[in-house]
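Single-structure report; data block below.
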There are 2 protein chains.
Amino acid sequence: MSNIITVSREFGSGGRELGKRLAEALNVPCYDHEIIEMVAKHQGFDPEYVSQVSEKEIQAFYPSTIGNRFSLSHTMPNQSMQVVLAEREVIKHFAAQGDCVIVGRCADVLLREKTPLNLFVYADMASKLERCAQRATAEEHFSAKEMQKKMKKIDKERAAYRALFTEDRWGSKESYHLCINTSGMEIKHLISAIAAYATAWFEEKKADE
Amino acid sequence: MSNIITVSREFGSGGRELGKRLAEALNVPCYDHEIIEMVAKHQGFDPEYVSQVSEKEIQAFYPSTIGNRFSLSHTMPNQSMQVVLAEREVIKHFAAQGDCVIVGRCADVLLREKTPLNLFVYADMASKLERCAQRATAEEHFSAKEMQKKMKKIDKERAAYRALFTEDRWGSKESYHLCINTSGMEIKHLISAIAAYATAWFEEKKADE
């Protein structure tokens, strides 16, 4: 069975960078934006729209059901549902290609039968604000307060998106195999140790099979 | 500044073994039972009594205050307080000797000014029950249900003990730097990766100083 690593993360924690660098270190592909792009291409949607359905629109259709999943068809309009289901297929398609790292999109839940190594990346608010400020483009001018509000909103949307698929709570350590606090850390310096952990974990898993 | 690693853990997760093996891998001392023994020796108590004060008696004196710390002197009788305060001194004494691993006893909180690397070790219930069954002596005959009850009680006592010192919640990932899920894993196979993580983390910390 393939060695699949999923990366769930708090907004601003550096989880995306961690996933990308980890994939490089392990010499496997990393799927992140690629998921949205492939869904958009196959369904004939604009990638921006797909991205919005996946995270930003969920709460509008699914406001109070975290921890109480309903059937998708009862809670989401057809077009959004189409995107969510297409994402699921694309993730499964990528996972079927072999070893990889997948960032976000509840891949940990969708690929449960492939027993991936599931990482959760988080950080304290000061570190997340600093990271966001560093990567902001010249056009972006958020105050710390605005950025904090944005962060909380996105994390809430991620939790809501996850609640579509599972009762395991987003960000609850029990849902993951390793939870990495990146506060005050340069992601790149942690990568070789995380890659070593992943390698040891997969070896252990294979020994059990 | 010394490189100090603290290990907090759920009962049955293998955290004690992880601490011991990690210390061996890093060639530094591991303090665990040594804390209780030194407190007992210095205070003239029986080690079993010291161990009971630290975990088992706390809740009796401190039943409803998790998250709402009161001053120790208002909530604990003199002798128990004496033990808790002596533990604190012993932990600080060990930490002053140089690099080390300290298991339990809220060392992460007590040594905050030394900015230790704080690990939390946890596992799913099935794995914890299996681990407990493996290490049970011939005299111990707990059913799975009894063992589960015992586990929950001990973890609750640990949370209560922690609440004496801090408002950071025991077991909440935000309180730690790395949370390690040992479900289905042989601890010994994860050690070199965790040692590598610790080394990278301390290097990063030093670069920031």
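The values are calculated or read from the model by the stated rules, or taken from the named source; none is laboratory data. From a predicted model like this one, the values you see are computed outputs, not experimental measurements. Methodologically, a virtual Cβ is constructed for each residue, glycine included, from the backbone with ideal geometry; neighbour enumeration extends over all protein chains shown. Heads up: the accessible areas ignore ligands, DNA and RNA and are worked out on the full protein's heavy atoms, side chains in. Shrake-Rupley method; radii C 1.70, N 1.55, O 1.52, S 1.80 Å.
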Completion exercise
The farthest towards the positive end of the charge dipole of the protein assembly as shown, of the residues B:Gly14, A:Ile5, A:Leu164, given +1 on Cβ of Lys and Arg and -1 on Cβ of Asp and Glu, is A:Leu164
Handout entry: Separation between Cα centres of region A:85-108 and region B:126-195, rounded to whole Å
Key = 32
Completion exercise
With Cα springs under 10 Å, the Gaussian network model of chain B assigns the largest mean-square fluctuation among B:Ala40, B:Ala95, B:Ala193 to B:Ala193
Exercise for the section: Please find, in a Gaussian network model of chain B (springs between Cα atoms separated by less than 10 Å), the residue of B:Thr199, B:Thr137, B:Thr166 whose mean-square fluctuation is greatest. Expected result: B:Thr137
Completion exercise
Taking the label point 7 Å from Cα along the Cα-Cβ vector, the copy-to-copy distances for B:Ser143, listed from shortest in nm with one decimal, are 6.1
Problem - Alpha-carbon Rg with Dmax, taken over chain A, Å - result: 16.9, 52
Problem - Selected from B:Arg112, B:Arg88, B:Arg169 as most flexible by GNM, with chain B as the system and alpha-carbon contacts under 10 Å - result: B:Arg112
Exercise for the section: Measure off, as a whole percent, the carbon and sulfur share of the 1.4 Å-probe accessible area of the protein assembly as shown, all protein chains present. Expected result: 50
Handout entry: Size of the A/B contact, given as accessible area buried on both chains, probe 1.4 Å, in Å²
Key = 2200
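Could you give the C-alpha radius of gyration of the protein assembly as shown expressed as a fraction of 2.2 N^0.38 Å, taking N as the number of residues it contains? List each step's numbers first, then the result.
On the way: Rg = 23.0 Å, N = 418, 2.2 N^0.38 = 21.8 Å.
That works out to 1.06 for the protein assembly as shown.
Let a ≥ b ≥ c be the square roots of the eigenvalues of the Cα gyration tensor of region B:106-163; is it rounded (a/c under 1.5), or, if not, prolate (a/b larger than b/c) or oblate? If you can, show how the numbers build up before the last one.
Details: a/c = 2.75, a/b = 2.24, b/c = 1.23.
Here region B:106-163 falls in the prolate category.
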Handout entry: Label spacing, shortest first and in nm, from B:Glu130 to its equivalents in the remaining copies (7 angstrom along Cα→Cβ)
Key = 4.0
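Using only the Cα atoms, work out Rg/Rh for region A:139-206, with Rh taken as the Kirkwood radius, to two decimals. If you can, show how the numbers build up before the last one.
Values: Rg = 16.3 Å, Rh = 15.1 Å.
Checking Rg against Rh, the ratio lands at 1.08.
Using the structure shown, list the pairs from A:Lys156/B:Lys128; B:Lys92/B:Lys205; A:Lys152/B:Lys188; B:Lys152/B:Lys206; A:Lys152/A:Lys173 with a Cα-Cα distance above 27 Å, or answer none.
Check vs 27 Å cut-off fails for A:Lys156/B:Lys128; A:Lys152/B:Lys188; B:Lys152/B:Lys206.
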Handout entry: Probe 1.4 Å, accessible area per residue of region A:89-209, Å²
Key = 45
Exercise for the section: Output, in nm with one decimal and in ascending order, the distances from the B:Asp208 label point to the matching label points of the other copies (7 Å from Cα along Cα-to-Cβ). Expected result: 3.2
